[in-house]
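Remarks on the structure that follows.
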Amino acid sequence: MSYIVTGGCGFIGSNFVNYLDKIVEDDVIVVDNLTYASDKRNLDPSDKVRIVECSIDTESYIIDDLVKYNTPKAIFHFAAESHVDNSITDPGIFVQTNVVGTMNLLQAVKEHSPETRFVHISTDEVYGALTEDGPSFLETKILEPNNVYSASKAGSDLLVRAYHKTFGLDVVITR
């Protein structure tokens, strides 16, 4: 058995991988395309952690094989294009990575390991903007993304929900 962590060489993902490595005895497979937002040196060296360099949106065959041959207990999906300014400059890559990449992961779980828990790391930005005197966001608030980044994250959230409702996958969405 193993755990798969997408985006595991990024700032938040690598901290999670280093924590997970300390608390589980199973292997941890880090999937990352190692762009400007990630670095292998963020990970503490460990015999249990393996890095697979791939892009979740364009190399679905790698994702498919990882899920098929490793039977993960859980997939923690941190991988995403982020930074609102970048989404204004190149919106297509956000839809490709955040929406298509998420669908590729979900499809691999559905096809090869439907008992795997899928933990999708989203963002509070899917709710829109907070006002200085307004209430905090609640899970019951409607999604009101204001830029391509948050819209692509909202789209991926909805796909995760749909795979749960349609195919019965065990999912968690964190915001």
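Any read-out appearing in this document is the output of simple, stated calculations on the displayed coordinates, not a laboratory observation. Predicted model only: the values in this text are computed from it and were never measured. So basically every Cβ, Gly included, is an ideal-geometry build from the backbone, and we count neighbours across all protein chains shown.
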Next item on the list: Distance check, please: which entries in Lys48/Lys110; Lys40/Lys153; Lys73/Lys165; Lys22/Lys165; Lys68/Lys153 exceed 29 angstrom between their Cα atoms?
Entry: Lys22/Lys165
Margin query: Need one number for segment 69-137: average projected area of the convex hull over its C-alpha atoms, nm².
Written below: 6.2 nm²
Margin query: With θ taken as phi - 60° and the coefficients 6.51, -1.76 and 1.60, list the Karplus ³J(HN,Hα) couplings across segment 160-175 in order, rounded to whole Hz; mark glycine and proline as x.
Written below: 4, 4, 5, 5, 5, 5, 7, 10, x, 5, 7, 10, 9, 10, 10, 10
Next item on the list: Calculate how steeply helix 101-112 sits against the longest principal axis of the alpha-carbon atoms of the chain, using the helix alpha-carbon long axis, and give the answer as 0 to 90 degrees to the nearest 10.
Entry: 50 degrees
Item checked: Rg [Å, one decimal], Dmax [Å, integer] - the chain, C-alpha atoms -> 15.9, 51
Note to self: Could you tell me the calculated FRET efficiency between Asn15 and Asn147, based on Cβ-Cβ distance and R0 = 22 angstrom, to the nearest 0.05?
What the structure shows: 0.30
Check: Counting only DSSP beta bridges with both residues in segment 1-117, what percent are antiparallel, rounded to the nearest 5?
Finding: 5 percent
Notebook entry, point to check: By per-residue mean of other Cβ atoms within 10 Å, what is the highest-first order of 128-136, 42-50?
Noted result: 42-50, 128-136
Notebook entry, point to check: How many angstrom lie between the C-alpha centres of segment 123-172 and segment 1-57?
Noted result: 25 Å
Item checked: Net charge of Cβ neighbours under 15 Å - reference Leu43; Lys, Arg +1; Asp, Glu -1 -> -2
Check: When the chain is modelled as a GNM with alpha-carbon springs shorter than 10 Å, which of Ile62, Ile142, Ile51 fluctuates the most?
Finding: Ile142
Item checked: Dipole magnitude of the chain, debye to nearest 20 (Cβ charges: Lys/Arg +1, Asp/Glu -1, about Cα centre) -> 380 debye
Margin query: Skipping prolines and chain starts, which residues have an amide H placed within reach, meaning under 5 Å, of the one on Gly128, given they are 5 or more residues away or on another chain?
Written below: Glu144, Asn146
Item checked: Phi to ³J(HN,Hα) by Karplus 6.51 cos²θ - 1.76 cosθ + 1.60 over segment 38-45, Hz, x for Gly, Pro -> 9, 7, 4, 5, 6, 8, 6, x
Item checked: Label-to-label distance, nm, for residues given as Val24 and Asp64 (7 Å Cα→Cβ offset) -> 2.4 nm
Note to self: To the nearest 20 Debye, how big is the dipole of segment 11-102 about its Cα centre, given +1 on the beta carbon of each Lys and Arg and -1 on that of each Asp and Glu?
What the structure shows: 200 debye
